[in-house]
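Student: Here it is, the structure in full.
The values are calculated or read from the model by the stated rules, or taken from the named source; none is laboratory data. Worth saying up front: this structure is predicted, and the values here are computed from it rather than measured. No Cβ is skipped: glycine too gets one built from the backbone with ideal geometry, and neighbour counts run over all protein chains shown.
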Amino acid sequence: MSEQVAPPPASDVAPPQPAVETPSPVEPEAKKPGAKKALGIIGAILVFVVIAGLKFGVASAIGNFLNKDETADAKAGDCIAELPEVTGTEEEEVDGAKVVECTSTDAAYNVVGRVDGQTEAQAKAGTACDEFLKEGEEGYVFYSIEPGKTGYLLCLTKKA
């Protein structure tokens, strides 16, 4: 007869179980630093533009850049390119007046004097240039004065 071998006795102690389950490590979400950085830069630029626009006036800044006053530094002895001619007490607004070389064929007027710190009313009176003109000489006044402020005027004679 064959003998049967009994299986080893079962242990009365169960394998130890952890008291608290340890959570499995969680994978952090993949960050997109490029997108956040780009949004931050765009946001900073927008804030700067808005502040600059409020403080300086974007239209004014662009206008000053595009329509620079090319006669602002003109002085006696300079020449000015052709301007619309007016007679008597007429006035005409001029865009694009510019200082040119007196030897240039574009030179139409000689600057015989400059008066700074003039109001619009003083410029319109037309007497500021009297001291720069010879008796009987026909003169012209070109001025750049913002309303309510002071500016300069140029005393001109027609180039011979």
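Student: Of all residues in the range 23-80, which are closer than 25 Å to residue 111 by Cβ, under 23 Å from the mean Cα position of the chain (by Cα) and at pLDDT 75 or above?
Tutor: Correct list: 69, 70, 71, 72, 73.
Student: Anything in the range 82-118 that is within 31 Å of the chain's Cα centre (by Cα), modelled with pLDDT under 90 and of a type outside the set (Asp, Glu)? List them, or say none.
Tutor: The answer is 83, 84, 94, 96, 97, 98.
Student: Keeping to the range 131-158, report how many residues are in a loop (DSSP other than H, G, I, E, B) and over 16 Å from residue 74 (Cα atoms).
Tutor: Selection size over the range 131-158: 11.
Student: So which of 112, 99, 94 is assigned to a strand (DSSP E or B), out of contact with any helix residue (DSSP H, G or I) (no Cβ under 8 Å at 6 or more places or on another chain) and in contact (Cβ under 8 Å) with a residue 24 or more places away in the chain?
Tutor: 99
Student: If a residue has to be buried (at least 17 other Cβ atoms within 10 Å of the Cβ) and closer than 10 Å to residue 153 by Cβ to count, how many in the range 123-136 make the cut?
Tutor: 3
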